[in-house]
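Notes follow once the structure below has been shown.
The values are calculated or read from the model by the stated rules, or taken from the named source; none is laboratory data. Since we're looking at a predicted model, the values are computed, not measured. Quick reminder, even Gly has a Cβ in these numbers, built from the backbone with ideal geometry, and neighbours come from all protein chains shown.
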Amino acid sequence: MNFKTLINHPADWMQGSGPHSDVVMTSRVRLARNLRGFPFPGYSQEHQRLDLLNLARPVVEGLPEMAEHYSEDYATISKIKKQVLVERHLVSREHAARAAGCAVVIDARQNLSIMINEEDHFRIQGIRPGLNLRSAWQLVDHVDSELEARLPYAFDRELGYLTACPTNVGTGMRASVMMHLPALALTEQINPVIKAIGKIGLAVRGLYGEGTEALGNLFQISNQHTLGEREEDIIAAIEKVIERVVNNEVNARHKLLEDNATMLHDQVGRAFAILRYSHVLTSKEALNLLSLLRLGADLDLIPDCDRGLLDLLLLEIQPAHLQMRAGIELSPEERDVRRAQITRTRLHDLKGPAEPPPPSGPAEPTGGESPP
Amino acid sequence: MKCDVCENEATVFLTQIINGQMTTVNLCDACSKAKGVTDEAGFGLAEAFLSSHPPSSHAAAEPACEACGFTASQLKKIGRMGCPECYNTFREGLDNLLRAMHKGTTHKGKVPARAALIPDNPPPVKLLSPPPRTEPPAQPPPPPQLQAPAKPTVAQLREQLENAVREERYEDAAALKKEIDRLNDAASTTPPPST
């Protein structure tokens, strides 16, 4: 399967479905695995990475789950293609920074990606829409067992799966959930929530992993410990925390509607107006406004606005996606113009925010301005 | 917040957990992009290491992995192992490190079906893909911090920090920044191992 075919068919996890999908965008589980007899990729030379790649790639491509797949060697892939895969979370930023001796194999539905020679020999990643870590775990668990039957894994009875970094040793599993938390951000409850999550041993990161800013009120929450617990227990513990955060967010949304409806309608209305009519949109502005629009859609403030449309748009306006569509490299200024253009087109058929019901009870402050 | 390299406004924040403590490296847009995903030489450091320290040269000086030649000081510096066999070589002292990182020191999760075939004390595995001993590949010169004196000054550490950021060794960068902060604060100790 070629790159274009892969990219032109959006995966189900990109389309705003799945359990708790109003708050949880995706669930991902990745396993770090290595082979005995080969140095870890970070301490190997190119010919050693190539030896491993030549041994492993046919096995990965031959997996039943990869019956239809896209497979690309990093010796030949273009920068833009790599970046598109990063924007789709199909490869990590760290893997994308690497070159010869590395490859990625992705199943046609983009639910499964296997990076070869990332920090570890294999990073097996499963993605599911909404809150569904169990299903993502079942997928990667199954694929892992198939690989293990064909390749000599580095495993120690006491330490578990041996990984390049001791922070991943044991299960080698990182389970992460991408959450959209606009109401907690608007009501300034987000920092205490993040702190509380950190205290119980989970990590909170921005949209593109370690070190990235939490743009668009999107937060990735994942486990940090990999040794001393069973995979199922790690996942159950994260899901419990996530469900609590989902409740916090949903409550904050309802409270906003009850106590601060004018502010909420104003924010959503402004977001719609700028996204629908502007001609220059930076990435940061677009992500933050799309977050407000998604909140408006979830609360039915915008009639007939499909969450999936917004989630796809979120991908389409990323820098590499814009450049791939254009077929040429674009300067940041050119990207801002194209980003606005695509956004206007995608939102063209939306009706815009519904007129809110007149406030009952005591009138809300209007800032001294007369209504239009 | 200022960029740790060039004093511009930082927009990228790299957070690492080191010895259970969070350390952050702050970079501006330009510095992070300049050193970012566009860098095709993501393996530059390891190869610089390998060319400047061929495995055979370590043997006499300090404990090194029989299979891959990785040394204890490299482990301390990079915070990562050289090959799976390194876990046996550097097993002593590993438990303390693991205890600080994890919920326990014993694996309780999935066991591969093949694990039953692995003996309790397997002999060291020879690398299936050994490095060539005679002709090291043409590599960029090793980063200057590899030969840094034992007690570097704040200025030297800042230089090392810039190098670390340039080479995307963010864990080293985080450790260096922590060390600079500590030197600036009060008494100096040796930098903690990267985790």
Quiz item: In the range A:288-304, what residues are without any contact (Cβ under 8 Å) to a residue 60 or more places away in the chain and part of a helix (DSSP H, G or I)?
Solution: A:289, A:293, A:296, A:297
Quiz item: Among A:243, A:285, which is the only one that is under 30 Å from residue A:141 (Cβ atoms) and either assigned to a loop (DSSP other than H, G, I, E, B) or of a type in the set (Asp, Glu) (or both)?
Solution: A:243
Quiz prompt | Every residue from the range A:10-45 that is closer than 23 Å to residue A:123 by Cα and assigned to a loop (DSSP other than H, G, I, E, B) | solution = A:10, A:11, A:34, A:36, A:37, A:38, A:39, A:40, A:44, A:45
Quiz item: Scanning for something away from chain B (no Cβ under 14 Å) and closer than 21 Å to residue A:132 by Cβ, does the range A:299-307 turn up at least one residue?
Solution: yes
Practice problem: Provide a single number: the residues in the range A:57-83 that are within 12 Å of another protein chain (Cβ to nearest Cβ), closer than 24 Å to residue A:176 by Cα and buried (at least 23 other Cβ atoms within 10 Å of the Cβ). | Solution: 1
Self-check item: the range A:269-292 - residue that is loosely packed, with under 14 Cβ neighbours inside 10 Å and closer than 19 Å to residue A:332 by Cα and, of those, nearest to the chain's Cα centre (by Cα)
Solution: A:284
Practice problem: May I ask you to list the residues in the range A:172-221 that are within 30 Å of residue B:112 (Cβ to Cβ), small (Gly, Ala, Ser) and modelled with pLDDT under 95? | Solution: A:201, A:203, A:209
Practice problem: Return only the number of the condition from (1) crowded, with 23+ Cβ neighbours inside 10 Å; (2) part of a loop (DSSP other than H, G, I, E, B) that residue A:188 does not satisfy. | Solution: (1)
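Listed here are the residues, each with its yes/no results for (1) in contact with a His (Cβ under 7 Å, 6 or more places away or on another chain); (2) over 17 Å from residue A:42 (Cα atoms); (3) modelled with pLDDT under 75; (4) not basic (Lys, Arg).
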position	(1), (2), (3), (4)
B:140	no, no, yes, yes
B:144	no, yes, yes, yes
B:149	no, yes, yes, yes
B:152	no, yes, yes, yes
B:159	no, yes, no, yes
B:168	no, no, yes, yes
B:171	no, no, yes, yes
B:178	no, yes, no, no
B:182	no, yes, yes, no
